[in-house]
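Okay, structure first, notes after.
Every number here is computed from the coordinates shown, using simple stated rules; none is lab data. Here the structure is a predicted model, which is why all the values come from computation and not from measurement. Cβ placement follows ideal geometry from the backbone for every residue including glycine, while neighbour counts extend to all protein chains displayed.
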Amino acid sequence: MYTPFDISSWNRKEAYYFFLSYEDPYVDASVEMDVTPLYDFCKSRQISFAYASLWVALKICNEIDNFRLRIVGEELRLYHTVHAGQTLGYDDGTYTNCFFKYDTDLVRFCRLCRAHADEIKAGPKMNERRTEELDMIHTSIIPWFSFINIKNPRKNKWDSIPKINFGKMSLSADGRRVMPLALSVHHALMDGYQMGLFFNRYQEIVNSIK
């Protein structure tokens with residue numbers, strides 16, 4: 001579900017049209033997150049840390065309007081709720097894409113994701129597709145290595161879906177658990193301000209989980 005967005009009264013109207021003319025209108029940034037409280041919470045509740053990390057990101061994307069805006073031809077749409085288009089790996093090193101519906105409850109979301117992932121992996125290899133594929137965030141978990149930055153493939157400059165990557169968690173010198181988190185967004189829809197809101201809010205939510 002979406003609502004047409006009124007560009008004419010938007011305070012980013014000039015920036016929107018300016019960056020639409022760019023051949024490569026994307027902004028990418030990566031930060032290192034202290035995810036110790038989230039990791040400890042997941043261990044105590046016996047839920048997946050990976051899905052919990054994804055839940056935090058989806059919660060923020062549903063809080064900030066810019067992450068729910070999509071460019072569709074001459075129209076700009078504001079989706080009411082966005083979900084996750086998530087990569088899911090197989091034991092042979094290949095992967096598929098699946099859809100995880102957002103749920104406001106962290107623990108329930110993680111358990112639903114686990115059940116759905118198990119169902120997908122038990123069947124024939126496939127990419128899960130839906131009628132509406134713009135009401136999502138493209139997310140990928142990369143557990144094999146940490147990274148300073150990462151670049152995501154895009155079909156063309158009209159691809160306005162944000163991309164989020166989660167890297168390998170490691171221990172810092174002081175024993176904290178840290179994880180690289182990368183964000184790639186369309187500059188016509190947002191800039192460093194909204195990206196900063198995302199990263200700061202991510203750490204805030206992680207710190208508040210008990």
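Given that just one value was derived from the coordinates, which of (i) 42, 36, 32; (ii) 49, 38, 35; (iii) 49, 43, 29 is Cα extents along the principal axes in Å? Of the listed options (i) 42, 36, 32; (ii) 49, 38, 35; (iii) 49, 43, 29, (iii) comes from this structure. Counting only DSSP beta bridges with both residues in the chain, what percent are antiparallel, rounded to the nearest 5? Restricted to the chain, the bridges split so that about 80 percent are antiparallel. Of E14, E23, E63, the sequence from fewest to most neighbouring Cβ atoms within 10 angstrom is E23, E14, E63.
Here's the picture: charge each Lys and Arg Cβ at +1 and each Asp and Glu Cβ at -1 in the stretch 55-205, and of L189, V56, Y79 the one pushed furthest to the positive end of that dipole is V56.
I'd like the antiparallel share, as a percent to the nearest 5, of DSSP beta bridges with both residues in the stretch 31-139. Present the calculation step by step, with values, prior to reporting the outcome.
Values: 10 of 14 bridges.
Beta bridges within the stretch 31-139, antiparallel portion: roughly 70 percent.
Rank S170, S140, S30 by mean-square fluctuation in a GNM of the chain with C-alpha springs under 10 angstrom and give only the top-ranked residue. Looking only at S170, S140, S30, the largest GNM fluctuation is found for S170. Shown here for the stretch 151-208: chymotrypsin sites (Phe, Trp or Tyr not before Pro) in loop regions (DSSP other than H, G, I, E, B) with at most 16 other Cβ atoms within 10 Å, namely W158. With a simple spin-label model that places each label point 7 Å from the Cα along the Cα-to-Cβ direction, the separation between R201 and I7 comes to 2.4 nm.
Excluding same-chain neighbours fewer than eight residues apart, the lysines reachable from K210 by a Cα-Cα span under 28 Å are K43, K59, K101, K163, K168.
Residue-wise HN-Hα couplings along the stretch 59-76, as the Karplus relation 6.51 cos²θ - 1.76 cosθ + 1.60 with θ = phi - 60° gives them from phi, are 4, 5, 4, 7, 7, 9, 3, 4, 6, 10, 7, 9, 8, 10, x, 8, 9, 10 Hz; Gly and Pro carry x. Around the Cα centre of the chain, unit charges on the Cβ atoms of Lys, Arg, Asp and Glu (plus for the first two, minus for the last two) sum to a dipole of about 480 debye.
Within 10 Å of each residue's Cβ, count the other Cβ atoms and sort I148, I161, I137, I142 from fewest upward. Present the calculation step by step, with values, prior to reporting the outcome.
Working: I148 10, I161 21, I137 24, I142 16.
Going from least to most buried by this count: I148, I142, I161, I137.
Restricting the chymotrypsin sites (Phe, Trp or Tyr not before Pro) of the stretch 40-137 to loop positions (DSSP other than H, G, I, E, B) with no more than 16 neighbouring Cβ atoms within 10 Å leaves Y90.
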